[in-house]
Amino acid sequence: FKGDDSCEYLLSSGRFLGEKVWQPHSCMMHKYKNSEAKNCLVDKHIVFLGDSRIRQLFYSFIKIINPQVKEEGNKHGNIPFEDKSASIKVDFLWYPEVNGSMRQRIKSWTEGSVAKPHIIVAGAATWSIKIHNGSNEALTQYKINITAIAPLLEKLAKSSDVYWVLQDPVYEDMLSESRKMITNEKIDAYNEAAVRILNSSSRNSKAKVKVFSVSKLIAQETIMKSSDGLHLPESSRDTNAMILMNVYCNKIMKPIDGSCCQPQPPLTLIQKLAFCFFTLSIIGYLIISLIHRNNYRKNKSCTDLEMGEEKKPAINTPNVSTLEMLLHSFCKLGLIMTYFYLCDRANLFMKENKFYTHSSFFIPIVYILVLGVFYTENTKETKVLNREQTDEWKGWMQLVILIYHISGASTFLPVYMHIRVLVAAYLFQTGYGHFSYFWIKGDFGVYRVCQVLFRLNFLVVVLCIVMDRPYQFYYFVPLVTVWFMIIYATLATWPQIVQKKANGNCLWHFGLLLKLICLLACIYFLSYSQGAFEKVFSFWPLSKCFELNGNVYEWWFRWKLDRYVVFHGMLFAFIYLALQKRQMISEGKGDALFSNRVSNVLLFISIVSFMTYSIWASSCKNKTECNELHPSVSVVQILAFILIRNIPGYVRSVYSSFFAWFGKISLELFICQYHIWLAADTKGILVLIPGYPMFNVIVSTFIFVCVAHEISQITNDLAQIMVPKDNSTLLKRLLCIAGFFFGLLLFSAMQDQSRH
């Protein structure tokens, strides 16, 4: 309602999410590392001008650049700091009062002969209150002096960033006797005078002195922890320094999780073309709808619509209906993509940082589990990992992953390790599902491959265009796509071994096992040979798909993290289908999978294995070390879960329709969360309704789930049109799609050149 100037919000308003986590109103703060700070401030001169409180801010600021700095030197004198590696110069100038001396120093910078600092941070008042015993005459003189300084600051603000720091409140009970005259009432009077004078002088000027008033809000919450009642505790000073860093550096460094002070990115050529395409689709659909409605009225023979006796129009219905469905799908998709863009690229809606608490993660988990158990129904079939069960599995895993992302639970290592198992379980299902299909059906046709690739990648390709993000950014889709192609290549290459062929001769089973062993050897080689892996994916146009930030390291890391689990899924499917074919398992309704004795032993082993993994994951101390072990041990908990879920007949015969519903749109939920539930590319939270966190989550979640469901339907509709069963038509479509991607790569190369 107040406009989209997030810089003003950053400097003036916010709240604490926890004891030390500051959340600016409407935008996200980035926590700068010293390397980032140096890159931003290279060849810059920064000056802090004022009293002991400004000196504190100076030290906190330079500690961002060099954390090894110690607070030494004359407390009542000038303190220089220089980082020669980045040519950064930061000076503290001791001017405890707003007087003629301060005015003279500021005036010297406005004269042409002296180099102006790039950033000036000034502020003072408490010394004036103390020296003059809080007299009204001192306040009057302060007003006169700041009135004289204001035009000079305005002049400097035309070429430099100038910040006037308002005075923080004090904790009067802790003040020493010599400071008792410094009261919050006096400080408020001095602040009011400074704000009124600085704002009035800049009313008609674009170059505005920025009033740094947010430190007052921070101090109100933390001044009780002060050592003397006057100076802020270290954590509060560090927060103020980080705010200053965000105000200046966000527009230069453009961090993803630093939305404060970042301008809206300009539309790229590809985004403009996408906008034109969706606009034309909407117009085309409206025109065809009007023509159909008009023809329907003209050719209608009676009004009994329920009997369906109207006269059919004399037009080519199949072609028109296909075209109408196509335009209708793109029309809906265009409106949805507009919402995506407004949520995460335009500065229309607010964004906030995540803040993890145990309650914010575990309470929603318990809530959805209760809902899932409440909606329990009988399955249509009682086979191991039947369709309802796999949908249920995908559904509850996806809901847990969503809660994990919005609560910021990645900072809590035990939760992180369990979520890694859920991601691995998705890939396990990829190996199990696609292997089972190819093994049983023996269908290696182009139609099947194109259908799968289209359904997996359609939404991500559209988002890459609309949101101007690389394909690898949505890492899970490249992961499942590549693994699908690996599964296909493994089974489709000569000799093609399928169940029908293997039933005739058992030796074919050994042939398939040999193929799987070769696949495992290739996986092992690539996982320990980063150079070879990067060479494979560094060839154009693969590099264009799998590079992130100019290299394929992120892709290698993601692939390596779950490198064995797809193989485990394929092997499990092979063993299960072999046992099923030889009738060594019982899958009747209510029947245990094995004999009672075997079932009980396997259940006991599964429960112990499941708990053992959880205990190990909960005791993790180092994320890097745990990630190294994860690829080899994640399958333990996955297999344990499958056996616990399927060995008892009564458990295998029921499923949660609540979870299964979400499971059917799990891919869309996973991708859509990036921009319309979370924000700033998953780094923050989208705020549609500010000031009411719970109500905001309810509304944004409802819209998010509806959009994901709608996109799932659009993808299914377009898959039928874009990937026809007729081979000659499919070949033409593939040539068109190849041309589309060639054009996309061409425009992308043009964009990259213009950016550089």
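Summary of values
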quantity: 14 Å Cα cut-off, lysine pairs counted over segment 412-586 (separation 8 or more, or different chains); calculated: 5
quantity: Rough spin-label spacing in nm, given labels placed 7 Å along Cα→Cβ, for residue 181 and residue 485; calculated: 7.8
quantity: Accessible surface ranking that places the most exposed of 379, 357 first, with a 1.4 angstrom probe; calculated: 357, 379
quantity: Added length on full extension, which subtracts the Cα-Cα distance from 0.36 nm per residue, residue 21 to residue 72; calculated: 15.6 nm
quantity: Size of charge dipole - segment 412-586 - debye, nearest 20, with Cβ of Lys, Arg +1 and Asp, Glu -1, no other charges; calculated: 520
quantity: Cα lying deepest toward the dipole's positive end in segment 412-586, options 549, 481, 439, charges on Cβ; calculated: 439
quantity: With Cα atoms, 0 to 90° folded angle of helix 52-65 axis to the chain main axis; calculated: 40
quantity: Heavy atoms of residue 116: accessible area, 1.4 Å probe, square angstrom to 10; calculated: 80
quantity: Sequence-separation-based contact order of the chain, relative, with Cα cut under 8 Å and 6+ spacing, percent; calculated: 15
quantity: Cα-based reach from residue 180 at 19 Å (exclusive), listing aspartates and glutamates while leaving out same-chain residues under 8 positions away; calculated: 51, 97, 137, 168, 172, 188, 228
quantity: Sparse-neighbour loop sites [GluC sites (Glu not before Pro); segment 346-447; at most 15 other C-beta within 10 Å; DSSP]; calculated: 381
quantity: Which of 53, 582 is most accessible, then next, and so on - probe 1.4 Å; calculated: 582, 53
quantity: Two-site label geometry, residue 755 and residue 366: point separation in nm, points 7 Å out along Cα→Cβ; calculated: 4.6
quantity: Environment charge at residue 637 (Cβ cut-off 14 Å; Lys +1, Arg +1, Asp -1, Glu -1); calculated: +1
quantity: By average C-beta atoms within 10 angstrom, highest first, the peptides 89-95, 162-168, 39-45; calculated: 162-168, 89-95, 39-45
quantity: With every protein chain in place, the chain: carbon and sulfur % of accessible area (1.4 Å); calculated: 61
quantity: Within the chain, percent of DSSP bridges classed antiparallel, to nearest 5; calculated: 50
quantity: Label-to-label distance, nm, for residues given as residue 620 and residue 380 (7 Å Cα→Cβ offset); calculated: 3.7
quantity: Neighbourhood net charge (15 Å Cβ-Cβ; Lys/Arg +1, Asp/Glu -1) for residue 481; calculated: +3
quantity: Crossing angle, helix 358-374 versus the chain [Cα axis fit, 0-90 degrees, rounded to tens]; calculated: 30
quantity: Farthest positive-ward along the chain dipole, Cα basis, beta-carbon charges - from 567, 663, 414; calculated: 567
quantity: Listed residues 527, 24, 146: farthest to the positive end of the dipole of the chain (Cβ charges); calculated: 527
quantity: Segment residue 701-residue 115, length gained on full extension (0.36 nm per residue, minus Cα span); calculated: 205.7 nm
quantity: Compactness of segment 1-104 as Cα Rg over 2.2 N^0.38 Å, two decimals; calculated: 1.25
quantity: Read-out mean projected area of the Cα convex hull in nm², derived from the coordinates shown; its label in (i) 37.5; (ii) 39.4; (iii) 42.7; calculated: (iii)
quantity: Computed magnitude of the charge dipole of the chain (debye, nearest 20; Cβ of K, R +1, Cβ of D, E -1); calculated: 1320
quantity: Solvent-accessible heavy-atom area per residue, rounded to whole Å², over segment 412-586 at 1.4 Å; calculated: 43
quantity: Of the GluC sites (Glu not before Pro) in segment 73-177, those whose Cβ has at most 11 other Cβ within 10 Å and which sit in DSSP loop; calculated: 111
quantity: Of 116/158; 31/155; 33/70, those spanning more than 22 Å from alpha-carbon to alpha-carbon; calculated: 31/155
quantity: Largest to smallest accessible area among 449, 536 [probe 1.4 Å]; calculated: 536, 449
quantity: Degrees, to the nearest 10: 596-618 long Cα axis against longest axis of the chain; calculated: 20
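The values are calculated or read from the model by the stated rules, or taken from the named source; none is laboratory data. Predicted, not measured: the structure shown is a model, and the values here were computed from it. Here the Cβ is made from the backbone with ideal geometry for all residues, glycine too, and neighbour counts use every protein chain on show. Note: accessible area is taken over every heavy atom of the protein model, side chains too, but ligands, DNA and RNA are not part of it. Shrake-Rupley method; radii C 1.70, N 1.55, O 1.52, S 1.80 Å.
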